[in-house]
Amino acid sequence: MSNIVFAGQEAYEVGLRWYPGDPVSLSAIVLDTNWAGTYTAKVRKFADPDSTELATLTVSATYSAVTGDTTFTWSLTDAASDAIAAGKYWWSCREVAGVTRFSGPVEVTP
């Protein structure tokens, strides 16, 4: 019997939380990785990618040659944030013509 190691392409699960109507501006740093590129990020009613889309987050992914890290920022306009009622939702962040890098629950708390 041999040892088997599985490698996958599952997205990193990252949960997001904000208050209704607040401006949304979030960031994360991925260490030792160059994931710079063009991304789309959507907030949906459920994890199913065919579920109702509630908002599109603006995404920036910037690689630093000095640190070797990629910094992601996600933001949502005030109007888009106002349109999302308190509740639990799902989001995903996908590289255009690439893979989904992040996904997870969204909690908009009153």
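The values are calculated or read from the model by the stated rules, or taken from the named source; none is laboratory data. Remember, it's a predicted structure, so these values are computed and weren't measured experimentally. No Cβ is skipped: glycine too gets one built from the backbone with ideal geometry, and neighbour counts run over all protein chains shown.
Among the residues making up region 29-44, those that are surrounded by 14 or more Cβ atoms within 10 Å (Cβ to Cβ), in a loop (DSSP other than H, G, I, E, B) and of a type outside the set (A, V, I, L, M) are Trp35, Gly37.
Kindly evaluate Leu26 against the criterion of being in contact with a Cys (Cβ under 9 Å, 6 or more places away or on another chain), in contact (Cβ under 8 Å) with a residue 12 or more places away in the chain and either part of a strand (DSSP E or B) or over 19 Å from Gly15 (Cβ atoms) (or both). Working first, answer last.
Details: in contact with a Cys (Cβ under 9 Å, 6 or more places away or on another chain): no; in contact (Cβ under 8 Å) with a residue 12 or more places away in the chain: yes; either part of a strand (DSSP E or B) or over 19 Å from Gly15 (Cβ atoms) (or both): yes.
So Leu26 fails the test.
A single member of Val66, Val43, Val99 is out of contact with any Pro (no Cβ under 6 Å at 6 or more places or on another chain) and under 15 Å from Tyr12 (Cβ atoms), and it is Val99. Of all residues in region 62-110, those that are among the polar types (S, T, N, Q) and either touching a Phe, Trp or Tyr at 6+ places or on another chain (Cβ under 7 Å) or in contact (Cβ under 8 Å) with a residue 60 or more places away in the chain (or both) total 6. Met1 passes every criterion in (1) among the hydrophobic types (A, V, I, L, M, F, W, C); (2) within 24 Å of Thr109 (Cα to Cα); (3) modelled with pLDDT under 95 apart from (2). The set of residues from region 91-104 being outside any strand (DSSP E or B) and either crowded, with 17+ Cβ neighbours inside 10 Å or at pLDDT 95 or above (or both) comprises just one member, Val96. In region 48-55, is there at least one residue being touching a residue at least 24 places away in the same chain (Cβ under 8 Å), surrounded by 12 or more Cβ atoms within 10 Å (Cβ to Cβ) and more than 20 Å from Pro110 (Cβ to Cβ)? Yes, there is a match, as at least one residue in region 48-55 is touching a residue at least 24 places away in the same chain (Cβ under 8 Å), surrounded by 12 or more Cβ atoms within 10 Å (Cβ to Cβ) and more than 20 Å from Pro110 (Cβ to Cβ). Within region 18-40, the set of residues being under 19 Å from Arg101 (Cβ atoms), of a type outside the set (Ser, Thr, Tyr) and either modelled with pLDDT under 85 or within 16 Å of the chain's Cα centre (by Cα) (or both) comprises Val24, Leu26, Ala28, Ile29, Val30, Trp35, Ala36, Gly37. For region 57-70, check the following and say yes or no: at least one residue is closer than 22 Å to Pro110 by Cα and either basic (Lys, Arg) or crowded, with 17+ Cβ neighbours inside 10 Å (or both). Yes, that holds for at least one residue.
The selection criterion, being farther than 14 Å from Pro105 by Cβ, of a type in the set (A, V, I, L, M) and in contact (Cβ under 8 Å) with a residue 40 or more places away in the chain, does not hold for Ala36.
The residue that is modelled with the lowest pLDDT, among those in region 56-90 that are in a strand (DSSP E or B) and touching a Leu at 6+ places or on another chain (Cβ under 6 Å), is Leu76.
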